[in-house]
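Structure first, commentary second.
The values are calculated or read from the model by the stated rules, or taken from the named source; none is laboratory data. Note that this is a predicted model, so its numbers are computed, not measured. All Cβ positions, glycine included, derive from the backbone under ideal geometry; neighbour counts span all protein chains shown.
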Amino acid sequence: MPTRILVVEDDVMQSDVLAAMLEEQGFYVETAESGMDAIKKARVGWFDVVLMDYHIPGVDGLATARLISDLTKATGRPRLIALSTATEALLAREVGGKTVFDAVEKKPWAPQSLLATIKRCHEAAPNPGYRWAADNEVLVSRSGRRRRMAEQLVTMSDTESSAIHDETDPETAHILVVDDDDLLQSFFKLALEAEGYGVDTATNGLDALRKIGLSRYDLVILDYQMPEIDGFATAGLIFELVGKRDRPQLIALTSAPERLSDQEKGSLSVFDAIISKSHGMESVLAAVRQSIAYKKRQSNLEVVNVKQLASQLYPSA
Amino acid sequence: MLIAMNALDIPMASLPAMRNDTAASAPQVPCPAPAAPAPGSDLPVLALATLKRTAAFLKPAVLVSHLKTLTERGETLLRGLRGAEALTGNSGTLASSAHVLAGSAGMFGFERLAFVACRFETAVQSGAIELPDLAKDLSAALEVSIHEMRCFIPAAG
């Protein structure tokens with residue numbers, strides 16, 4: 001089984017040459033042009049090694065590497081190698097001595113050095129994920145997954161399935177509050193828990209994405225202005241990671257909506273609601289109730305549709 | 001053409017056709033010495049071994065295509081550096097272009113350009129006062145590197 005490598009590079013030319021060199025050496029290679037693309041591919045690709053351009057626009061190399069590291073913990077973390085034109089001193093300062101990378105290679109890369117680093121990293125800690133997935137038939141086709149899902153649904157009693165999504169019961173709704181301000185975070189948590197919702201908190205976009213990777217939320221309330229990965233970028237990543245159909249409802253909180261630029265206002269369309277922090281808790285709670293109710297209705301509809309599909313596919317079950 | 005292939009020591013099939021004899025001898029021409037030696041001026045304009053190594057992984061047509069792109073990137077950055085307000089209103093864009101060029105030029109053996117572009121990018125990010133001097137160094141490295149790049153691109157038609 002060839003070593004699986006994901007090349008993350010926004011410059012197509014550099015990506016092409018690197019991929020050609022690696023394929024010539026017998027590696028299986030996929031490429032990603034952005035951090036978001038890389039995260040999406042790394043989650044499902046069972047890669048042994050990720051070669052990451054450190055300076056990529058949008059979600060940068062460091063944030064991308066942290067997310068890949070977090071999101072692949074359960075399935076097998078790939079070795080992460082940074083490629084950077086920056087000096088090692090600069091890189092060390094940026095990562096604050098707590099690097100998520102297993103190695104750093106200077107750009108422009110030298111084939112012998114890069115290949116030796118890949119070999120060293122891979123041999124030191126091979127990723128068992130792909131082999132495990134292949135052995136355990138986890139890598140099934142999309143239709144295979146759909147069949148399993150349908151089979152599970154038809155074996156579920158009507159009582160069980162209707163109990164899952166109760167539109168009016170807030171206890172079944174789970175909310176993630178993302179705000180870098182501890183005070184606001186606690187305030188929202190208390191207020192929402194008092195309403196009967198299950199509430200988790202995250203202090204930044206990265207933390208939020210990690211939690212969304214581990215748990216299912218009906219609603220995410222995001223502070224728009226956050227350091228590192230802002231609310232808009234976080235919302236975009238949620239779309240990519242969870243998928244449009246399964247994504248939670250998204251509410252943006254901003255302290256000054258009138259100050260948002262035209263571009264930001266346009267970008268805010270990824271959110272289901274935008275609320276000014278100055279409007280008070282009642283406005284937030286009203287939007288939360290509305291969003292949760294919408295999400296529940298949507299989920300109930302999907303369960304019914306998939307059950308109908310399942311009974312058509314497997315009438316004897 | 002044959003001279004150039006021997007100079008690069010690349011298998012015949014993996015080399016693009018050379019444009020002319022000047023191009024063939026270009027890699028061996030010593031770089032013009034600057035008045036005051038700048039960091040990176042001791043690096044070769046083109047490291048043939050690196051170009052040969054990269055060319056070995058690519059089909060000739062792909063190599064030519066990449067070198068054309070590299071030339072265009074260099075020319076765009078050079079025009080940007082020559083702009084009236086290059087270092088005041090446009091330095092962020094120039095730094096981004098320099099960043100891309102630093103990685104791609106180095107990959108094809110244009111060592112001096114890669115080094116100077118990287119220094120320029122770092123200087124813009126840190127707001128270094130020597131930025132105008134670095135811009136001059138980058139322009140000089142671009143001019144001589146673009147000349148070398150063109151030597152490997154067959155004339156149109």
Next item on the list: Answer yes or no as to whether B:Ser65 is within 12 Å of chain A (Cβ to nearest Cβ) and either part of a helix (DSSP H, G or I) or of a type in the set (S, T, N, Q) (or both).
Entry: yes
Margin query: Among the residues in the stretch A:31-44, are any within 14 Å of another protein chain (Cβ to nearest Cβ), in contact (Cβ under 8 Å) with a residue 12 or more places away in the chain and surrounded by fewer than 19 Cβ atoms within 10 Å (Cβ to Cβ)?
Written below: yes
Notebook entry, point to check: Being hydrophobic (A, V, I, L, M, F, W, C), away from chain A (no Cβ under 12 Å) and in a helix (DSSP H, G or I), is that true of even one residue in the stretch B:90-100?
Noted result: yes
Margin query: Looking only at the stretch B:110-126, count every residue that is within 17 Å of B:Leu48 (Cβ to Cβ), crowded, with 24+ Cβ neighbours inside 10 Å and not hydrophobic (A, V, I, L, M, F, W, C) and tell me the total.
Written below: 1
Note to self: Can you find a residue that is modelled with pLDDT of 90 or more, away from chain B (no Cβ under 13 Å) and not in a loop (DSSP other than H, G, I, E, B) anywhere in the stretch A:58-80?
What the structure shows: yes
Note to self: Suppose the filter is within 14 Å of another protein chain (Cβ to nearest Cβ) and modelled with pLDDT of 90 or more; does B:Leu58 pass it?
What the structure shows: no
Item checked: Cross-chain or 6+ apart pairs with Cβ under 6 Å, the stretch A:11-22 first and facing chain B (nearest Cβ under 7 Å), then part of a helix (DSSP H, G or I) and at pLDDT 95 or above -> none
